[in-house]
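See below for the structure under consideration.
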Amino acid sequence: MWGNAFLLALRQIRRNPMRSLLTVLGIVIGVAAVITMVTVGNGATQAVREQIESLGSNQLMIRPGQRMGPGGAAGAISFKLEDVDAIANQIAGIRAVAPQRSTTMTVVAQGRNWSTQVIGSSNQYFILDNRQLSAGRYFEVQEETSGAAVCVIGTTIQKEIFGQVNPVGEMLRTGKFSCRIVGVLESKGQAAIGGDQDDLVVMPITTFQRRVSGNSRVSAILISVDSQIDRQMITESLRSLMRERRSLSDTDADNFMILDTEEIARRVSSTTEIMTMLLGAVAAVSLVVGGIGIMNIMLVSVTERTREIGVRLAIGAMAREVLMQFLIEAVVLGAMGGMIGVLIAFVGSIVLSNLMNIPFIFNPGINMIAFGFAALTGIIFGYFPARRAAQLDPIEAVRHE
């Protein structure tokens, strides 16, 4: 019985291929949308997590401003280089600590110009940011202390300004002064967030303060923590030290923030996962729309084949056999739409992942769930038309024109 019903269902689908394709179009779109949204969302989550982890494990950042959470108002009082020295000398378990100032500027050399990010920091910055050199050297101690006009550039600056020429030793005009290029960083490529990681110029913080910003402020302090030391303990030690150096009383709120890269990674990943679930839920609405389309076409099919159903019932076919035939037909339509949707989603996810520069993460679970839901949609929305066909009166059905 099952085999005959399945063959009859396939025969009917092949009889009207165009109508069958249009019937399952909603299911195809729904399945493809759900799988694609979830796959791309998972890839984006992984890309964000990898980018934050690329900053280095066990990293903290101190920025001016009000602390996160409840508390009173606080001003954005910047830091000083003395704060960086105090952290390095007074906090145990610190692997590296670096000041940071940055701005966007246009750099010029050899008749070409390029807008890029100019960062003022120290040699410790390269350790914190996991930066290696492809040519040249880092800053010398004397260059850092004297504020020498030297800089290290990313590969994007090399490509856009100097082309294939080795830029080490060349002069690069940055704003109103020129600095000598002493090193070129290895490429880190594009990031899922934040853009090109190689589009930067790094100079000593003292050079930046004297020639770019015109003041001695430090906008952020980057810290790398020893993995063997309790991060929470170091965070509390940093908070106590900074409160002391900024002359805050016990009743004053922190006028600085201590950010943990691992905590940031968790929060961003959680947010992107929630967004992925929401997008998947919205896309799943298409499956319901596709199911309604199946029910509509099946009702039309029952009306068109009323005489055929009447003849089958009249010559001895049982009502449950007619019910099973139409139900299997609906399930086959749903499963066919699900299969096409899975294939489209697979190709679409690969294309979007490449375009967005995020990893393609194949998730068998969501593919099986989407396909199973497509087949289930065929059962749910095909049952009413199938039941209506099974309940037809044979005599009236045979008379139907």
Does region 219-238 contain at least one residue that is open to solvent by 60 Å² or more (accessible area, probe 1.4 Å), more than 29 Å from the chain's Cα centre (by Cα) and closer than 25 Å to F177 by Cβ? no
Considering only residues that are part of a helix (DSSP H, G or I) and closer than 15 Å to V184 by Cα, look in region 135-167 and name the one that is most open to solvent (accessible area, probe 1.4 Å). K159
So which residues in region 358-393 are of a type outside the set (D, E, K, R), at pLDDT below 80 and more than 22 Å from V289 (Cβ to Cβ)? A389, A390, Q391, L392
Run down R266, R217 and say which single residue is under 26 Å from G93 (Cα atoms), among the basic types (K, R) and without any contact (Cβ under 8 Å) to a residue 40 or more places away in the chain. R266
Counted residues in region 278-298 being open to solvent by 80 Å² or more (accessible area, probe 1.4 Å) and touching a helix residue (DSSP H, G or I) at 6+ places or on another chain (Cβ under 7 Å) come to 3
How many residues, within region 255-292, are of a type outside the set (G, A, S), farther than 27 Å from L21 by Cβ and part of a helix (DSSP H, G or I)? 15
Cβ pairs under 7 Å, 6+ apart or interchain, first in region 117-142 and farther than 12 Å from Q100 by Cα and among the hydrophobic types (A, V, I, L, M, F, W, C), second in a helix (DSSP H, G or I) and at pLDDT below 95, ordered by first then second residue, are F139/N123
In region 94-134, residues that are crowded, with 16+ Cβ neighbours inside 10 Å, in contact with a helix residue (DSSP H, G or I) (Cβ under 8 Å, 6 or more places away or on another chain) and not aliphatic (A, V, I, L, M) total 11
Given the conditions (1) open to solvent by 70 Å² or more (accessible area, probe 1.4 Å); (2) at pLDDT 70 or above, which single one is not true for E308? (2)
For region 231-254, give me the residue count where each residue is of a type in the set (D, E) and assigned to a helix (DSSP H, G or I). 2
Out of (1) at pLDDT below 90; (2) open to solvent by 70 Å² or more (accessible area, probe 1.4 Å); (3) over 30 Å from T272 (Cα atoms), the one S249 does not meet is (2)
So for region 193-204 (the condition being of a type in the set (A, V, I, L, M, F, W, C), over 22 Å from I91 (Cα atoms), more than 28 Å from the chain's Cα centre (by Cα) and part of a loop (DSSP other than H, G, I, E, B)), does at least one residue qualify? no
Mind checking which residues of region 168-189 are touching a residue at least 40 places away in the same chain (Cβ under 8 Å), open to solvent by less than 10 Å² (accessible area, probe 1.4 Å) and not β-branched (V, I, T)? L172, G183, L185
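The values are calculated or read from the model by the stated rules, or taken from the named source; none is laboratory data. These numbers come from a predicted model, not from an experiment. FYI the Cβ positions are ideal-geometry reconstructions off the backbone, even for glycines, and counts take in every protein chain you see. In case anyone asks, the SASA skips ligands and DNA or RNA and just uses the protein heavy atoms, side chains included. Shrake-Rupley method; radii C 1.70, N 1.55, O 1.52, S 1.80 Å.
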